[in-house]
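Inspection log for the structure reproduced underneath, given as structure tokens.
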Amino acid sequence: MATDTKEKILKAAAELFAKSSYEGVGIRDIAKKAQVNSSLISYYFGGKENLYKEVLSQHFDELVAFVNSMDSSDELRFIRDFMRLHIDVVRKRGKFSAVIAFRELSGGGKFGKAFMEAFLNKIAEKLINVIKSAQKKGIIRDLPAEVVLHYLIYIDAMFAIRFPQIAGDEACDMAFDLFMRGVG
């Protein structure tokens, strides 16, 4: 029961934060959408700010752990496996959480820097090293590694959000093919 309530709050909050912003949504709005008492937001999350941070970071610990545990000696295997997991994570998080993350990362939110430091910098550093290694081997064209990284992330997000009807492995294959045609 508690997990269901917490999930209802997270889902409602993600939708409302995506449609408006952190500042544009109140605790009562979230509670009404989730059909719960507003005191439960403080009980489960300690308030609106912590709830927002939870919505923003949901499932990213999975990506960080994966990236840190992966052997990166086979760059293309690493990139493809990352793409597969990233598509899965974005789909699990849902389109609303993706909208919030993009808003924060583009500088339109108040928690973007903390989000970058907590999660994305850890992932980006290893991915950039893998990209640079692949470039040295001539597997990937010599473009700025940060540009290649963003291209990779946006392709994944596009397949995860825009084409949910395409199954995970097929979406990954298509995304990887598109990525390699662009940078390979």
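The values are calculated or read from the model by the stated rules, or taken from the named source; none is laboratory data. Quick caveat, the model's predicted, so the values are computed rather than measured. Note that we place each Cβ from the backbone using ideal geometry, even for glycine, and neighbour counts take in every protein chain shown. Ligands, DNA and RNA are stripped out before the accessible areas are found, and what is left, the full protein with its side chains, is counted by its heavy atoms. Shrake-Rupley method; radii C 1.70, N 1.55, O 1.52, S 1.80 Å.
Couple of notes before you dig in:
- Members of the range 153-170 that are surrounded by fewer than 22 Cβ atoms within 10 Å (Cβ to Cβ), in a helix (DSSP H, G or I) and not β-branched (Val, Ile, Thr): TYR154, ALA157, MET158, ARG162, GLY168, ASP169, GLU170
- Of everything in the range 5-18 that is closer than 17 Å to ALA101 by Cβ and in contact (Cβ under 8 Å) with a residue 40 or more places away in the chain, the residue that is surrounded by the fewest Cβ atoms within 10 Å (Cβ to Cβ) is LYS11.
- Every pair of residues 6+ apart whose Cβ atoms lie under 7 Å, when the first sits in the range 171-184 and is at pLDDT 95 or above and open to solvent by less than 10 Å² (accessible area, probe 1.4 Å) while the second is hydroxyl-bearing (Ser, Thr, Tyr) and part of a helix (DSSP H, G or I): PHE179/TYR151
- Check on LEU105, within 19 Å of the chain's Cα centre (by Cα), free of Cβ contacts under 8 Å to residues at least 40 places away in the same chain and within 25 Å of LYS11 (Cβ to Cβ): yes
- Residue under evaluation VAL25, criteria (1) assigned to a helix (DSSP H, G or I); (2) open to solvent by less than 30 Å² (accessible area, probe 1.4 Å), criterion not met: (1)
- Pick from the range 73-87, criterion in a helix (DSSP H, G or I) and free of Cβ contacts under 8 Å to residues at least 40 places away in the same chain, ranking: nearest to ALA160 (Cα to Cα): LEU85
- Pairing each residue of the range 145-162 that is within 18 Å of SER97 (Cα to Cα) with any residue that is open to solvent by 60 Å² or more (accessible area, probe 1.4 Å), provided the two are 6+ apart or on different chains, yields C-beta distances under 7 Å for ILE155/LEU178; PHE159/MET174; ALA160/ARG91; ILE161/LYS95.
- Test result for LYS92, in contact with a His (Cβ under 9 Å, 6 or more places away or on another chain), without any contact (Cβ under 8 Å) to a residue 60 or more places away in the chain and surrounded by fewer than 18 Cβ atoms within 10 Å (Cβ to Cβ): yes
- Candidates in the range 61-72 are the residues that are among the small types (Gly, Ala, Ser) and either at pLDDT 95 or above or in a helix (DSSP H, G or I) (or both); of these, the one that is farthest from the chain's Cα centre (by Cα) is SER69.
- Test: residue in the range 104-113 that is among the polar types (S, T, N, Q), touching a helix residue (DSSP H, G or I) at 6+ places or on another chain (Cβ under 9 Å) and not in a helix (DSSP H, G or I): yes
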